[in-house]
Amino acid sequence: MNNQALFNFLLRIGDTNLILAQRLSEWTGHGPFLEEDLALTNIALDLFGTSRSVLEYAAKIEEKGRTEDDLAFLRGEREFVNPLICELPNGDYAFTIARQCIVDAFQLHFYSELVKSKDETIAGISAKAIKETKYHFRHSASWMERFGNGTEESHERLQNALNFIWAYTEDVFATDAGYNELIKTGIVPEMAAIKSAWEKSMNEVLAKSSVSKPENVFMQKGSLKGIHTEQFGYLLTEMQYMQRAFPGAKW
Amino acid sequence: MSENTDSQGTLWEIFVQKKAGQPFVHCGSLHAFDKEMALQNARDLYTRRGEGTAIWAVPASAIVASSPEDMGPFFDTTNDKVYRHPTFYQIPEGIKYI
Amino acid sequence: METIDLEQHFDAKLAKNEMIEPKDWMPDNYRKHLIRQISQHAHSEIVGMLPEGNWITRAPSLRAKIVLLAKVQDEGGHGLYLYTAAETLQISREELLDQLHTGKAKYSSIFNYQTLTWADIGAVGWLVDGAAIMNQVMLQRTSYGPYARAMVRICKEESFHQRQGYEIMCHLAFGTPAQKEMAQDAMNRWWYPTLMMFGPKDANSSNSANAIKWKIKRESNDELRQRFVNQTVAQAEYLGIKIPDENLKWNETKKGYDFSDPDWAEFNNIIHGHGPCNKERIGARVKAHENGKWVREAAAAFGKKQNAIDVAA
């Protein structure tokens, strides 16, 4: 039972990284200018790397002989538990940056606690991820500042992006009974403290970026139950196409 | 204030230090729109394979370079200053640590 | 110095295999040739991100996805090194991109072919990168310093690209019947376009002579093409993939393979904009550029404000 909770938790982390990286990698070759194209791709590479380590570990914990690729490419929509925010289509660059900044700030605080996990593998993965995430956050936060204080257009685009995306922030912190069980065994941290640290970081970034935090937002939820946005099916269709079309083939 | 020129940013020269204590070596150029971006872009472009531990980013416009015509007056004149090199001096045999 | 003296000095440097540096005097045609060649090379890297990028979101395993992403990113980096090398010749990135977007500048025609299957990603890495590397290794000794230095860096980074492609082909060639078929199909479509990458036959190549004279190029199109065929045949044999050329056979006298010419009429068609993806490739670049305009403007405006703060402080 405990293994089931741990497995679910690992899927949550693995899917978060995998799906966000899948979205980011859509920008590769299409970025706003060359240097930034490469920078965003670096972030996608980091996230894919983390998702691989986590899914590999999840497959091991599950003990059903599945691989990281089975988990990534052969699960259906309802079995994915990434926060909804990760799967939202890229939109314009302000939207991509706002989405990234929200997740980066979360991951930064989350991994900073998760690194103390009693599970050594998780602690090890987190230690590596903290370093990467610090840089991701620095990158996205500096772009928030540029957009917020750049031109009228960029300010408006950033504010619009935040107004839309804020409804998906609560879902990032969702937990279930299994997660609460893992807290007791010291494998995962309490989410409340992470959320308040995240809020503090976001408030700072928003203030520096001269944009306002959307208020009284009705929050969208459902990711932990595998209830996704409509766009998610298309993302999976594309991502899983090869493994579905050629069952059993090795690549 | 209504400048609307689309640009690719300004040119920066990037120097990377491989290991602490070693000199910073020029490794290439890139475009960026501000200092923080120059540093971040340098990190993403020139240290992707663990090539460095520290970076200098310098606006290309801030670099002063000698010209090919300077070659004679600048550098050839130092060739005859042999007394600047340790081998110019004779030390009696058997003297150590000097 | 008189122009004649300068030219003699320039020629003497080339004769001694010394590099020409940005501040050195150089003949106008040398500068023009370099701008054309380096920018064409840079554009090829950037446009080359597209056919491979086409498969990033569909890569069949996480490992394959990461590797492909890193590879496409490297290509962007290489384009960037080359753009900055071209910029030392007094032309701006804006102008260079404008030439690409308006169709004034060319890029390697190979990237106007479609990547239709995952095997195409293998074939591009193995054959196309293999061909590109031959050219690039030679260019490490090109006579213009910034170009040569960019190429040294590029070659160092490229070394995994061809291996990545060949590894994909290995998985396919020793995989299921469907995978083998996919691999052969990719070979059938990519072989001749790859041979075209070395450019027209020496006899018909208008720019080649000057490039060799100025030591920008050190080997001719035909020499490089021959070497590529010689080294690729055994690699294909190992995979059990057939090179689609009935005339391919070992020639003991020249110690190399005889092989058929690609269809030069097709080559000319593509150069003149009629390849399968010419419009899509440029269209994608123009779209990215236009969508990025407000981003660059915002960054420029913010940078200006930051500078003002620095000056005041």
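The values are calculated or read from the model by the stated rules, or taken from the named source; none is laboratory data. Only a predicted model underlies this, so the values are computations on that prediction, with no experimental measurement involved. When we count neighbours, we look across all protein chains shown, and the Cβ atoms used for this are built from the backbone with ideal geometry, even at glycine. To get the accessible areas, we keep the full protein, side chains included, count just its heavy atoms, and leave off ligands, DNA and RNA. Shrake-Rupley method; radii C 1.70, N 1.55, O 1.52, S 1.80 Å.
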Under the definition of partner shielding as Cβ atoms of other protein chains within 10 Å of a residue Cβ, what is the mean value for peptide A:147-160? 4
If you place +1 on the Cβ of every Lys and Arg, -1 on the Cβ of every Asp and Glu, and leave all else neutral, what size is the dipole of region C:147-260 about its Cα centre, to the nearest 20 Debye? 600
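How many Å² of accessible area per residue for the protein assembly as shown, probe 1.4 Å? Write down the numbers at each step before the final one.
Numbers: 30320 Å² over 662 residues.
Value returned for the protein assembly as shown: 46 Å² of accessible area per residue.
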Charge dipole of chain C about the Cα centre (unit charges at C-beta), most positive-ward option of C:Pro200, C:Ala59, C:Gly273: C:Ala59
P(r) of the protein assembly as shown over all Cα-Cα pairs, 20 Å bins starting at 0, rounded to whole percent, reads 17, 46, 30, 8, 0
How much solvent-accessible surface does A:His228 expose, in Å² to the nearest 10, with a 1.4 Å probe and all protein chains in place? 40
With Cα springs under 10 Å, the Gaussian network model of chain C assigns the largest mean-square fluctuation among C:Arg63, C:Arg141, C:Arg36 to C:Arg63
Within region A:99-133: backbone nitrogen closer than 13 Å to the A:Thr185 label point (7 Å, Cα to C-beta): A:118-122
With every protein chain in place, what's the accessible area of A:Leu236 (1.4 Å probe, Å², nearest 10)? 10
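I'd like the interface area for chains B and A: accessible area of each alone minus the complex, both sides summed, 1.4 Å probe, protein heavy atoms only. What is it in Å² to the nearest 100?
In total, chains B and A hide about 1200 Å² from solvent.
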For C:Met196, what accessible area in Å² do you get when you roll a 1.4 Å probe over the heavy atoms of the protein chains, rounding to the nearest 10? 10
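When the dipole is taken about the Cα centre of chain C, and only Lys, Arg (+1) and Asp, Glu (-1) are charged at their Cβ, what size is it in debye, to the nearest 20? Present the calculation step by step, with values, prior to reporting the outcome.
Values: 39 positive and 39 negative charges, 115 e Å.
My answer is approximately 560 debye.
With only Lys, Arg, Asp and Glu charged, each at its Cβ (+1 for the first two, -1 for the last two), find how big the charge dipole of region A:3-245 is about the Cα centre; round to the nearest 20 debye.
Values: 25 positive and 35 negative charges, 111 e Å.
Value, rounded to 20: 540 debye.
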Take the solvent-accessible surface of the protein heavy atoms, probe 1.4 Å, and return the percent of it on region A:3-245 that carbon and sulfur atoms account for. 51
Work out which residues of region A:16-52 lose at minimum 50 square angstrom of accessible surface when the other protein chains are put back, relative to the chain isolated, with a 1.4 angstrom probe, and list them by number. A:Thr28, A:Gly29, A:His30, A:Pro32, A:Phe33, A:Leu34, A:Glu35, A:Leu38, A:Asn42, A:Leu45, A:Phe48, A:Arg52
Mind computing the radius of gyration and Dmax over the alpha-carbon atoms of chain C? Å is fine for both. 21.2, 75
Of all accessible surface on chain B at a 1.4 Å probe, what whole percent is carbon and sulfur? 59
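Quote the convex hull volume per residue of chain B, based on C-alpha atoms, as a whole number of Å³. Don't skip to the end; give the middle numbers.
Numbers: hull volume 18.5 nm³, N = 98.
Cα-based convex hull of chain B, divided per residue, equals 189 Å³.
How many partner chain Cβ atoms sit within 10 Å of a residue's Cβ in peptide B:39-48, on average, as a whole number?
Details: counts 2, 9, 7, 1, 5, 13, 10, 3, 0, 9.
Partner Cβ neighbours, averaged per residue: 6.
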Accessible area that becomes buried as A packs against C, both chains, 1.4 Å probe, Å², nearest 100: 3900
If I build a Gaussian network model for chain B, linking alpha-carbon pairs within less than 10 angstrom, which residue out of B:Thr77, B:Thr53, B:Thr87 has the largest mean-square fluctuation? B:Thr87
Please give the residues from region A:62-77 for which the solvent-accessible area of heavy atoms, probe 1.4 Å, is smaller by at least 40 Å² with all protein chains in place than with the chain isolated. A:Phe73
Rounded to the nearest 500 deg cm²/dmol, what is the calculated helix-only ellipticity per residue at 222 nm for the protein assembly as shown, with -39500 (n - 2.57) per DSSP H run of length n ≥ 4? -19500 deg cm²/dmol
Using a 10 Å cut-off on Cβ to Cβ distances, tally the other chain neighbours for every residue of C:94-106 and report the average as a whole number. 1
If you build a Gaussian network model of chain A, linking Cα atoms that sit under 10 Å apart, which residue out of A:Val81, A:Val217, A:Val54 swings the most? A:Val217
For an R0 of 30 angstrom, estimate the FRET efficiency from the Cβ-Cβ distance between A:Thr121 and B:Glu51 and round to the nearest 0.05. 0.50
Rank A:Thr28, A:Leu6, A:Phe48 by how far each Cα sits towards the positive end of the charge dipole of region A:2-58 (+1 on Lys, Arg Cβ; -1 on Asp, Glu Cβ) and give me just the farthest. A:Leu6
C:Lys32 versus C:Thr102, label points 7 Å from Cα toward the beta carbon: distance in nm? 1.7
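Rounded to the nearest 5, what is the percent of antiparallel bridges among the DSSP beta bridges in the protein assembly as shown? Intermediate results must be reported in sequence, preceding the final value.
Working: 17 of 18 bridges.
Of all bridge pairs located within the protein assembly as shown, approximately 95 percent are antiparallel.
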